[in-house]
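Here the structure is laid out as structure tokens; the discussion comes afterwards.
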Amino acid sequence: MERPGTTRAVPPRTVAAPGAATVGAVAALLLLLLLLVVVRLPWAGDLGMHAATLQRLRHSLLDPGNPLVDADTPSPYYSPWTVLLGCVARVTGFSVFVVLRLGALVALGLLATGVWRYVRTLSARPAAPPLALLCLVLLWGTAQFGWSGFLGLTSLALTVSYPSVLALGLAFHLWAWLARSVRGDGERPAGERPAGWGVLAGLGVLWAVVLLVHQFSGIVASLGALAVVGAARAGWRVWGRLGAGLLVGAVVLWLWPYYDFYALLGAGDGMDAVHRSLYRDLLGRYWLVLLGVAALGARWRRDRRDTLVLFFLLGAVVFAAGGVSGHWSWGRVLPAALIPAQVAVALEVVEPGRRAVRAGWACVLAAALAVGAWGQAGTLAYVVDREALPGAVAGKSPRPWPGYHWITPWVGYGDVVMARRLPARQIPAYGAYTVAPGYPDFFLRDEGARAAAVRTYFARDTVAGTRRDILREYGVRWVVDRGAGLRGAEGLRVVARGPGGQVLYAVAD
């Protein structure tokens, strides 16, 4: 008899569970909605950073420099995925926004197939993968929340073109591949041989790629892999090969030429302030996931080494440790607790057992998914004109940023623009640099001096000579500001006006 929670072979033929077709259709509609979001590609969050990264790579694959400021520094945004997309942009001549859309399609495909493959290692029921996908996307809370590396519908709508979505898709494939590789002798189908050295070396490479593509999702992937291995009942030969695969992955991380991965281990303290909000309003953001925690409890009673239970515990412990110690950046590991809980409740609905129990799980989960869908209904505003939506729906999502395409007739690639923090998050997407980066940059040693220069330049009491010296020091050719703060300033000429009262000034030679 097979123990609950262990990986098992999928039989050649299965009988569809009631509602499998309906669940699959709803999951397909959800994916269609995300595809429509890709077409619109709402301007918000970190989109400018990723577009700027592709801009640098399309101009120089071997030495792209800093993606945001005119400095020759490495950057963790130069990952295997962005380098590949940079090659696509360079060869095809497509704009970086078109390439980001193409990348989003690939990432969505990998995410959907990865969820399917991983869930199939846990259940042979046809309804399990699409129901798990619905839980991963909708079973969250009712407070609005969006962050890269989190699989809620609101987050996916804003981050679908980010590397984090691809990294999570690869993570699901990693767990599925690993689960099949560490099966014990009694769990493998007849005639299947244990995983060899080449397979586990490939797993090590895949693990390294996930870490390089998105470091926080790579930590989630690592915890999920630990849970798979911890729940396995494999022979001693597999453990030695797993160690070799881990060593291969560590070497790949060391050899990556675009940035020093291991140097990032010291970057945590500088990122904590940015992530403190991850520990706020936990109940409002995640209260529907409590249903998944109850499902994990049921699985734990059946098997103390259940994969999903171990995964949840690892993620919850690291997240809690970050909150207690003040290492707020550890909050990015929270998906390691959310994902197993969301998958667990989907499996409770479809797995064999007492009909009344499964019916109870199904009714409660259906209600929870409906509440979760309503809580994230504002995503529709990214694919449908707001005026066509009810006010209660349109008001659930922020308006996308207008972007800075309006400066491109004058500002050329590589020009330096003096701008405040919010514009600095967008302007580099069009090829220009800013004086200070719009995002924290661990490898940029003079980041503090640059930020101070921007503050000084825009301060009302700064004298003309000081402003002139700052512009000269950083080679600034353009200034972007809102309102009349710089109107009449010495050495500036109004060139264009943009949305929200913004003005583009040319700097006199």
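Set side by side, the residues ALA459, ALA508, ALA453 differ, and just one is at pLDDT below 95, hydrophobic (A, V, I, L, M, F, W, C) and within 38 Å of the chain's Cα centre (by Cα), which is ALA459. ILE219 meets each of the listed conditions (1) free of Cβ contacts under 8 Å to residues at least 60 places away in the same chain; (2) open to solvent by 50 Å² or more (accessible area, probe 1.4 Å); (3) in a helix (DSSP H, G or I); (4) closer than 24 Å to LEU178 by Cα apart from (1). Once segment 63-98 is narrowed to residues that are over 26 Å from ARG477 (Cβ atoms) and of a type in the set (A, V, I, L, M), the residue that is surrounded by the most Cβ atoms within 10 Å (Cβ to Cβ) is LEU85. The selection criterion, being among the aromatic types (Phe, Trp, Tyr) and without any contact (Cβ under 8 Å) to a residue 60 or more places away in the chain, holds for TYR457.
Looking only at segment 483-504, decide whether some residue is closer than 24 Å to TRP43 by Cβ, assigned to a strand (DSSP E or B) and open to solvent by 30 Å² or more (accessible area, probe 1.4 Å). Yes, that holds for at least one residue. One residue stands out in segment 59-101 among those that are out of contact with any Leu (no Cβ under 8 Å at 6 or more places or on another chain) and of a type in the set (A, V, I, L, M, F, W, C): the one that is farthest from LEU206 (Cα to Cα), namely LEU68. Selection of first residues in segment 240-261 that are closer than 27 Å to ASP72 by Cβ and open to solvent by less than 50 Å² (accessible area, probe 1.4 Å) and of second residues that are of a type in the set (Val, Ile, Thr) and part of a helix (DSSP H, G or I), restricted to Cβ pairs under 8 Å at least 6 apart or on distinct chains, gives the following pairs, ordered by first then second residue: VAL252/VAL205; VAL252/VAL209; TYR258/VAL83.
For segment 53-62, give me each residue that is of a type in the set (D, E, K, R) and either open to solvent by 10 Å² or more (accessible area, probe 1.4 Å) or within 24 Å of LEU35 (Cα to Cα) (or both).
ARG58, the sole residue that qualifies.
For segment 448-482, give me each residue that is touching a helix residue (DSSP H, G or I) at 6+ places or on another chain (Cβ under 6 Å) and open to solvent by less than 30 Å² (accessible area, probe 1.4 Å). Of everything in segment 448-482, those that are touching a helix residue (DSSP H, G or I) at 6+ places or on another chain (Cβ under 6 Å) and open to solvent by less than 30 Å² (accessible area, probe 1.4 Å) turn out to be ALA453, TYR457, THR462, ILE470, VAL480.
Does VAL350 satisfy the criteria of being aliphatic (A, V, I, L, M), under 23 Å from GLY152 (Cβ atoms) and at pLDDT below 95?
yes
Rundown of residues vs (1) under 26 Å from LEU100 (Cβ atoms); (2) in contact with a Ser or Thr (Cβ under 9 Å, 6 or more places away or on another chain); (3) of a type in the set (Asp, Glu), yes/no style:
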residue	(1), (2), (3)
TRP374	no, yes, no
PRO390	no, no, no
VAL393	no, no, no
PRO402	yes, no, no
PRO409	yes, no, no
GLY414	yes, no, no
VAL435	yes, no, no
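Does VAL205 satisfy the criteria of being modelled with pLDDT of 95 or more and either out of contact with any strand residue (DSSP E or B) (no Cβ under 9 Å at 6 or more places or on another chain) or outside any helix (DSSP H, G or I) (or both)? Criteria met by VAL205. Quick check: is even one residue across segment 448-460 part of a loop (DSSP other than H, G, I, E, B), within 27 Å of TYR77 (Cβ to Cβ) and out of contact with any Cys (no Cβ under 6 Å at 6 or more places or on another chain)? Checked segment 448-460: no residue is part of a loop (DSSP other than H, G, I, E, B), within 27 Å of TYR77 (Cβ to Cβ) and out of contact with any Cys (no Cβ under 6 Å at 6 or more places or on another chain).
The values are calculated or read from the model by the stated rules, or taken from the named source; none is laboratory data. Treat the numbers as computed from the prediction; the structure is a model and nothing was measured. All Cβ positions, glycine included, derive from the backbone under ideal geometry; neighbour counts span all protein chains shown. These accessible areas exclude ligands, DNA and RNA; they are computed on the full protein's heavy atoms, side chains included. Shrake-Rupley method; radii C 1.70, N 1.55, O 1.52, S 1.80 Å.
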